[in-house]
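Colleague: I am attaching a structure below and will ask some questions about it afterwards.
Bear in mind that the values in this text are calculations on the coordinates, not laboratory data. This structure is a prediction, so every number in the text was calculated from the model and none was measured.
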Amino acid sequence: MMQDFGRENTYNTESLQAMDNAHYLHPFSDHKSLREKGARMIVRAEGVYLWDSDGNKILDGMAGLWCTNIGYGQISVAEVAYNQMLELPYYNSFFQCAHPPVVELAKEIASVAPSHMNQVFFTGSGSESNDTVLRMVRHYWSAKGKPEKFNIISRRNGYHGSTVAGASLGGMKPMHQQGGLPIPGIVHIDQPYWFGEGGDLSPEEFGIKAAQALESAILDLGEDKVAAFIAEPIQGAGGVVIPPETYWPEIKRILAKYDILLVVDEVICGFGRTGEWFGTDLYGLEPDLMPIAKGMTSGYMPMGGVIVSDRVSAVLEEKGGEFNHGYTYSGHPVAAAVALENLRIIKEKQLIEYVRDDIGPYLQKRWQSLASHPLVGEARGVGLVGALELVKDKASRTRFDSELGVGGICRDISVENGLVMRAVGDTMIISPPLVITRDEVEELIAKAELALDLTLEKIQTLL
Ligand SMILES: *Cc1c(COP(=O)(O)O)cnc(C)c1O
């Protein structure tokens, strides 16, 4: 095969892999099998495409890790970062200081956030944002003279990051098993995952039932012991779990009855993924706190934050005293300048409208065509996220033996054939850059279909 780097190849895969194997500890990786195979070296990217060190061109159906919303290769972002580094590469905002990029960014984020949310705390990542959330909600209730409102209700299979608080708030069992998590004061309820856990109920019935788990948990713990409920509008890492239509309205009905905070984790849904600025807008939610990251900078710089409602910021300001919390890189000037340029590009290219009215509906229509594939039990999606459930039997939603690792097989075949899809168990997921064109969507669908065909062939030899 002819190598295609889009430019000259200057990479030596073997020597890069040797360094990797000897010295690099990867996040979320089984190092034993990684060392046997050798890591795929990604060397360059442009638009929605990646190139590896062997010259393979791959359509990035995951936008990195759900983050490169504006696509790769946006030159103006690099220029802004370069100029900011020359002007002021770093200064902190502890001790009563600030700088122009961070205050401009806070104003800009407040202008696109729901109207009752007007202040932003900055962090370096989504995980740090959720550490901030944990401390902020407990501090809020203490400041109000109710320190016993301490527990946070979260969901099984939710993802809120990988720091101690993030992983504890998240509901990923394999993460809890390492390091003695969750920390005290976090209670997990069931997730609104109809395809996997809905049994004989209709999606609508199941949505109500899953939401009512929140009310049961509040009543079990006692309202006076509950600080907050945290959830993603659509669970991303958990497998693009889109709640049944009845779920969020029922959650809203329950929250209206009790005095607890709502934390909506917008790290994936924020900044256009669903065709709205935030998932909150899609479902008409009224959060008290919204952790953000990922699409906030389109991954060009690491940065996160927590958008705070007027109700919470007023209490923290009036009664909170000093908030003993912050990161060296909170509001980093280069990251802030990059985030501002990212937001400018999202607006200039009208990417929110493009996802809502044009490319989102187009992708979803084409994605549905995969539902007729013999391996696919359900194709679902919203905006520019999608999932396919791989099953042994469509009608009964029966899965393959998990030992077979069908999702992993499909993911590897897909990448080999030029499309990054991710596997969560046997759920295949996509989340492409928001700048993807219709032609590129056609390529994505064709490659996904090819991956399904080849997966079916391969597992027939294993059964
Ligand atoms: C990725 C993610 C996080 C963690 O963000 P990091 O930047 O990886 O720390 C938190 N919440 C959600 C919903 C995420 O998808």
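Colleague: With a cut-off of 8 Å between alpha carbons and a minimum separation of six or more residues, what is the relative contact order of region 352-463 in percent? Write down the numbers at each step before the final one.
Modeller: On the way: 169 pairs, mean separation 27.3, N = 112.
With pairs under 8 Å counted, the relative contact order is 24 percent.
Colleague: In addition: Take the Cα radius of gyration of the chain and divide it by 2.2 N^0.38 Å, with N its residue count; two decimals is plenty. Walk me through the numbers on the way to the answer.
Modeller: Working: Rg = 22.3 Å, N = 463, 2.2 N^0.38 = 22.7 Å.
Normalised by 2.2 N^0.38 Å, the Cα Rg of the chain equals 0.98.
Colleague: Something else: Whole angstrom only: what separates the Cα centroid of region 163-182 from the Cα centroid of region 309-354?
Modeller: 26
Colleague: A follow-up question, please. In Å, what Kirkwood hydrodynamic radius results for region 395-463 from the alpha-carbon pair distances?
Modeller: On the way: mean 1/r = 0.0781 Å⁻¹.
For region 395-463, the Kirkwood estimate is 12.8 Å.
Colleague: Under 5 Å between amide hydrogens, which residues at least 5 positions from Arg422 or on another chain qualify, with H placed 1.01 Å from N in the peptide plane?
Modeller: Ile429
Colleague: Expressed as a whole number of Å, what is the distance separating the alpha-carbon centroids of region 203-253 and region 16-38?
Modeller: 39
Colleague: For each pair in Lys173/Lys347; Lys32/Lys458; Lys209/Lys447; Lys107/Lys294; Lys294/Lys447; Lys107/Lys209, compute the distance between the two Cα atoms and list the pairs where it is over 30 Å.
Modeller: Lys173/Lys347; Lys209/Lys447; Lys107/Lys209
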